[in-house]
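Student: One structure, as C-alpha cells, below. Some questions next.
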Amino acid sequence: MHILVAAQTWAHSGHDAQSANQILFELIQGFRREGGCEVSFVCAARPGDNFDPANEARGRQELDAMGVHIAPPLTLPTVADPRRFRSLLFPRAEDYWPEIRYRAWANDLVRTSGVDAVVVPWSERVTPIFAEVPCLRVAYYGDPDPKNLRFMSMPPVQPSRGPLRDAVRSFRIAQFERFHFEMMRCYHLVGEVAANDVIYYRENGLTNVFYARIPYSDRCPADWVGMRDTLEADAPRRIVANMGSQQATGNVLALHYLADEVLDRLDRRLGGDYEIHLYGGGRLPADLAAKLDRPTVRNIGFVDDVDRALMAAPVFLCLNNATPYKVNQSRYMHIWSLGGCIVAHGDVALSLPEMVDDENALLGADPNAIVGQIASALGDRSLRRRIGAAGRKMFQTNFTGSAVSADLLQRMHAVRASYQAETLRAAGR
C-alpha cells in the first residue's frame, strides 16, 4: 500500500514544543518498517505553524533516510475568522476552512503520486483539503475541534463578553460543529485517540470512528530504574504538573484546578515540603500565573532535555481530566515510556481506558484522593517503581509506533477492499 501522510507539521524524532512531530514520525516509521508500505509525506501549513526552521531540515533528513517521498510543501494563507453578517445567517464550509480552495491541488497530488490512501493526522486545516481525494481517506484525530473551541470560549479560559456576544459565539461554534461532522463523514476511517470522544462522534451520527492509540518514541535507558534512583535522590519531593503549551486549553483548565483545588490541600498534607515544576513553552494567562505564584511552584518553561527532567521527578501529576474538558494526552505515553509514576484524576480512564488505578497509575476521584495518592507515591519508592514498571510494559505492548501503525494498517486494508469494490461499482465495471 502506498500511503500519503499529509500534516501541518514536519515529522521528526526530536523533542519539540509540541509532541505531534514525534507521533507523526512513529506512525510513518511503523508504516515503513512494520507494514512494508511505500510512504509519501506533504506538509501543508501556515507561515506561523512551524516554530523552528531546523525542524523542517531535521524532518527532511530523517524522512529521506527512511525512504519516504517528500512532496513540495504547501503554504496556506493566514486568514481572519468569519465575522460578516452573511456568514452568521448563511454560513459555508469555506468560512471556517478557506483551505478548501486547495482541493483540486490535493486531488492532483494524489493522482500523480499514485497513492492508495491518505492519512491526515491531527489537523483541522489539512483535513478539509483532502476530504474528497480519489483514494482511501483516513483521519487520525485528537481533541475534536468543536469541543476545543467550546471550552476555549468559556471561563476560566476566556471571560464572558456579555450575554449577546456569548450567545453569538456559541451559535458560531454550533455551526462549525455541524460542518465538522459533515467533513468527517467524508473520511472512510476516523481514528480518535480518546475513547470518550469516539462516543461523542458516534452519538452525532458518525459510524466510521474507532478508538486509536497514541504512539510515542521509546528513548528510555535500559537501566531506567537505576537512573531514576540516582536522579530522584537530588529532588525527592519534586512533582511535575505540566507538559506542553502553557496556553493549551486542557493545560490551562488543569492548572486552574491545581491552584484552586489541590495546592492548599497539598500544603496541609505535606507541610510545604514539596516542589511543583511546570514545563512547557508559551506563557500562562495572567490570572492563572497569579494563582500559581507560590513558594512551592516553579514555572520552568521549555526544557531541552525533558526526558532527564522527567526521570528526576518522583511523581508526574496530570489533572487535565479533572475538569469537564476530558481528552487523551501524549504525555501519558511519554511518562509510561520512561517508567514514571503517574498520579491523575480517575476520569482519565474515560479517555484512556488502558490506565488502571494501582496498576499502571495512581488515580483519585477528587482533590483529597489525588493529594493522598501524591503523598503515597512520594513516600514509597517501591510503589513508584511498581507503577512505573507496569506503565512501561503497557507502553511497550500497545503504544509504540509499530503497535499503533499495525492496528491502523489492519483497519485500512479491511476498509480499502470495500472502498475498491464501491469504486468499481460506481464506474460500472
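Student: Filter the stretch 1-26 down to residues that are buried (at least 24 other Cβ atoms within 10 Å of the Cβ) and either among the aliphatic types (A, V, I, L, M) or not assigned by TED's automatic domain parsing to the domain that holds residue 137 (or both), then give me how many there are.
Tutor: 8
Student: Which of (1) polar (S, T, N, Q); (2) under 22 Å from the mean Cα position of the chain (by Cα); (3) surrounded by fewer than 21 Cβ atoms within 10 Å (Cβ to Cβ) is the odd one out, the single condition residue 113 does not satisfy?
Tutor: With (1) polar (S, T, N, Q); (2) under 22 Å from the mean Cα position of the chain (by Cα); (3) surrounded by fewer than 21 Cβ atoms within 10 Å (Cβ to Cβ) applied to residue 113, the lone miss is (2).
Student: Among residues belonging to the stretch 40-69 that are of a type in the set (A, V, I, L, M) and either loosely packed, with under 15 Cβ neighbours inside 10 Å or touching a His at 6+ places or on another chain (Cβ under 7 Å) (or both), point out the one that is modelled with the highest pLDDT. Even if it seems obvious, please write down each step before you answer.
Tutor: Of all residues in the stretch 40-69, those of a type in the set (A, V, I, L, M) come to 42, 44-45, 54, 57, 63, 65-66, 68.
Right, trim to either loosely packed, with under 15 Cβ neighbours inside 10 Å or touching a His at 6+ places or on another chain (Cβ under 7 Å) (or both) and you get 54, 57, 65.
Working: 54: 85, 57: 92, 65: 96.
Among those that are of a type in the set (A, V, I, L, M) and either loosely packed, with under 15 Cβ neighbours inside 10 Å or touching a His at 6+ places or on another chain (Cβ under 7 Å) (or both), it is 65.
Student: Could you please give the count of residues in the stretch 331-363 that are touching a strand residue (DSSP E or B) at 6+ places or on another chain (Cβ under 7 Å) and in a loop (DSSP other than H, G, I, E, B)?
Tutor: Final tally of qualifying residues: 4.
Student: Every residue in the stretch 305-324 that is more than 12 Å from residue 338 (Cβ to Cβ), crowded, with 22+ Cβ neighbours inside 10 Å and of a type outside the set (Gly, Ala, Ser), please.
Tutor: Matches in the stretch 305-324: 314, 315, 317, 318, 319, 320, 321.
Student: Could you name every one of the strands (runs of 3 or more DSSP E) located completely within the stretch 216-328 that has at least 3 residues being hydrophobic (A, V, I, L, M, F, W, C)? Break it down stepwise before answering.
Tutor: On the way: elements: 238-242, 275-279, 297-301, 315-318.
Here the list reads 238-242, 315-318.
Student: Determine whether the stretch 76-93 contains at least one residue that is of a type outside the set (Phe, Trp, Tyr), more than 18 Å from residue 185 (Cβ to Cβ) and modelled with pLDDT of 85 or more. Break it down stepwise before answering.
Tutor: Filtering the stretch 76-93 down to residues of a type outside the set (Phe, Trp, Tyr) leaves 76-84, 86-89, 91-93.
Still in the list and also more than 18 Å from residue 185 (Cβ to Cβ): 76-84, 86-89.
Cutting the leftovers down to modelled with pLDDT of 85 or more gives us 76.
Yes: one or more hits.
Student: Just the residues that are under 14 Å from residue 7 (Cβ atoms), out of contact with any strand residue (DSSP E or B) (no Cβ under 7 Å at 6 or more places or on another chain) and modelled with pLDDT under 95, please, taken from the stretch 96-124.
Tutor: Within the stretch 96-124, 99, 124 meet the criteria.
Student: Here is a further query. From (1) among the small types (Gly, Ala, Ser); (2) part of a helix (DSSP H, G or I); (3) touching a residue at least 60 places away in the same chain (Cβ under 8 Å), pick out the condition that doesn't hold for residue 191.
Tutor: All conditions are met except number (2).
Student: Shifting gears a bit: With the requirement that a residue be in contact with a Leu (Cβ under 8 Å, 6 or more places away or on another chain) and at pLDDT 85 or above, what does the stretch 147-167 give you? Working first, answer last.
Tutor: To start, the set of residues in the stretch 147-167 that are in contact with a Leu (Cβ under 8 Å, 6 or more places away or on another chain) comprises 151, 156-157.
If the condition is that a residue be in contact with a Leu (Cβ under 8 Å, 6 or more places away or on another chain) and at pLDDT 85 or above, then 151 is the only one that fits.
Student: Quick one: in the stretch 239-258, which of the residues that are of a type in the set (Gly, Ala, Ser) and more than 18 Å from residue 369 (Cβ to Cβ) is surrounded by the most Cβ atoms within 10 Å (Cβ to Cβ)? Before the answer, list the steps.
Tutor: Residues of the stretch 239-258 that are of a type in the set (Gly, Ala, Ser), as a first pass: 241, 244-245, 248, 250, 254.
With more than 18 Å from residue 369 (Cβ to Cβ) added as a condition, the list becomes 244-245, 248, 250.
Details: 244: 20, 245: 17, 248: 20, 250: 23.
Result: 250.
Student: Check off (1) more than 21 Å from residue 384 (Cβ to Cβ); (2) in contact with a Ser or Thr (Cβ under 8 Å, 6 or more places away or on another chain); (3) of a type outside the set (Ser, Thr, Tyr) for residue 289 and give me the number that stays unchecked.
Tutor: Residue 289 satisfies all of (1) more than 21 Å from residue 384 (Cβ to Cβ); (2) in contact with a Ser or Thr (Cβ under 8 Å, 6 or more places away or on another chain); (3) of a type outside the set (Ser, Thr, Tyr) except (2).
Student: Return the residues of the stretch 19-66 that are among the polar types (S, T, N, Q), over 18 Å from the mean Cα position of the chain (by Cα) and over 25 Å from residue 413 (Cα atoms); say none if nothing qualifies.
Tutor: Residues satisfying the conditions are 55, 61.
Student: Continuing with the same structure: Under 8 Å between Cβ atoms, which residue pairs at least 6 apart in sequence (or on different chains) link something in the stretch 3-18 that is under 17 Å from residue 66 (Cα atoms) with a partner that is of a type outside the set (Gly, Ala, Ser) and modelled with pLDDT under 85?
Tutor: That search, which allows pairs on different chains as well, returns 10/50.
Student: Within the set of pairs 6 or more residues apart or between chains, which connect a residue that is within 20 Å of residue 308 (Cα to Cα) inside the stretch 321-337 to a residue that is of a type in the set (D, E, K, R) and part of a helix (DSSP H, G or I) with Cβ atoms less than 8 Å apart?
Tutor: 336/392; 337/392
Student: Moving to a separate point now. Could you tell me which of the residues 206, 189, 136, 164 is surrounded by 22 or more Cβ atoms within 10 Å (Cβ to Cβ), in the same structural domain as residue 9 (by TED's automatic domain parsing) and over 20 Å from the mean Cα position of the chain (by Cα)?
Tutor: Values: 206 fails: surrounded by 22 or more Cβ atoms within 10 Å (Cβ to Cβ); 189 fails: over 20 Å from the mean Cα position of the chain (by Cα); 164 fails: surrounded by 22 or more Cβ atoms within 10 Å (Cβ to Cβ).
136 is the lone residue from the list that is surrounded by 22 or more Cβ atoms within 10 Å (Cβ to Cβ), in the same structural domain as residue 9 (by TED's automatic domain parsing) and over 20 Å from the mean Cα position of the chain (by Cα).
The values are calculated or read from the model by the stated rules, or taken from the named source; none is laboratory data. Computed from a predicted structure; not experimentally measured. Glycine gets a Cβ as well: all are built from the backbone with ideal geometry, and neighbour counts include every protein chain shown.
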